[in-house]
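Shown next, in structure tokens, is the structure this report addresses.
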Amino acid sequence: MTEVSVAKDAVAATEDLVVLKSVNKHFGALHVLQDIDLTIARGEVVVVIGPSGSGKSTLCRTINRLETIDSGDITIDGEPLPEEGKALARLRADVGMVFQSFNLFAHKTVLENVMLGQIKVRKADKKQAEEKARTLLDRVGVGTQADKYPAQLSGGQQQRVAIARALAMDPKVMLFDEPTSALDPEMINEVLEVMQQLARDGMTMIVVTHEMGFARSAANRVVFMADGRIVEQAAPDPFFSSPRSERAKDFLSKIL
Ligand code: ADP
Ligand code: MG
């Protein structure tokens, strides 16, 4: 009996990377996350969609503790989110986040942006950090921009640097909150292609996006949110071809 349950726990610990249980969050009177249950397996790519104001960004921000929650549990790789200090800094490194606004350090070069966290949080030495930064910048296609400052790059290039910077921390999971929403249309694909490649390489990813082509081709699962709740979730094909809820049908009719 005991042995069986131990074995099951061991499997669960390796398979489930991000687990949210009955998570609730209010902003004053607004119940922005309502009983959220969400489990993301290692290597899974989950796309979160839903109307503006439904709580998608707040959901992302709770997972790396940029927002605290009122009740419920969140674990990453079996560990509850740390409250503060070095453990919190490590959590933020383990959970890479890429925002709509690129959030690079304006007064650091591209190379320095990708080196900094490695040295400060991961305690890498300078040479290792530089080598890794250059490799990652090459991988996202901006290797030749290493010595420039963020403002000298296009939006698409800056966002790819932001992805490289998060990857430099060897994150367990990557969160993307509308990473292409602030980009000119011709730059959207170059960022989505980097994300596609990451997904193919097996990165665990949570992606808030309105890019339904990306959702169809890269996601293992689509999570549809409305009014702070997960209303429906399914693999992309069944979700897009036959959504079950009226809310999802209505939403899809407006964006597709
Ligand atoms: P989404 O990303 O789906 O558009 P958000 O998570 O950004 O939704 O926001 C959900 C709701 O919470 C919105 O009504 C928004 O105005 C509100 N909200 C978000 N952040 C805050 C905050 N810091 N203080 C108060 N209300 C907030
Ligand atoms: Mg948002």
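The values are calculated or read from the model by the stated rules, or taken from the named source; none is laboratory data. It should be emphasised that the depicted structure is a prediction, and the values quoted were computed from it without experimental measurement. Cβ coordinates were reconstructed from backbone atoms using ideal geometry, including for glycine residues, and neighbour counts include every protein chain displayed.
Look at (1) farther than 23 Å from L17 by Cβ; (2) of a type outside the set (D, E); (3) surrounded by fewer than 18 Cβ atoms within 10 Å (Cβ to Cβ) and you find that Q197 fails only one, number (1).
Of all residues in segment 67-94, those being among the aliphatic types (A, V, I, L, M), touching a residue at least 24 places away in the same chain (Cβ under 8 Å) and closer than 17 Å to L20 by Cβ number 4. Screening segment 43-61 for residues that are more than 13 Å from ligand 2 (Cβ to nearest atom) and buried (at least 16 other Cβ atoms within 10 Å of the Cβ) and picking the one that is farthest from E211 (Cα to Cα) gives E44. Restricting segment 178-189 to residues that are within 16 Å of ligand 1 (Cβ to nearest atom) and either over 16 Å from M203 (Cβ atoms) or polar (S, T, N, Q) (or both) leaves a set whose member that is surrounded by the most Cβ atoms within 10 Å (Cβ to Cβ) is T180. For A13, state whether it is in contact with an Asp or Glu (Cβ under 9 Å, 6 or more places away or on another chain) and at pLDDT below 50. The answer is yes for A13. Select from segment 52-73 the residues that are near ligand 1 (Cβ under 10 Å from one of its atoms) and touching a Pro at 6+ places or on another chain (Cβ under 8 Å) and list them in ascending order. Across segment 52-73, there are no qualifying residues. Highlighted here are the helices (runs of 4 or more DSSP H) found entirely within segment 136-240 that include at least 1 residues which are free of Cβ contacts under 8 Å to residues at least 24 places away in the same chain and over 29 Å from A89 (Cα atoms): 185-200, 212-218.
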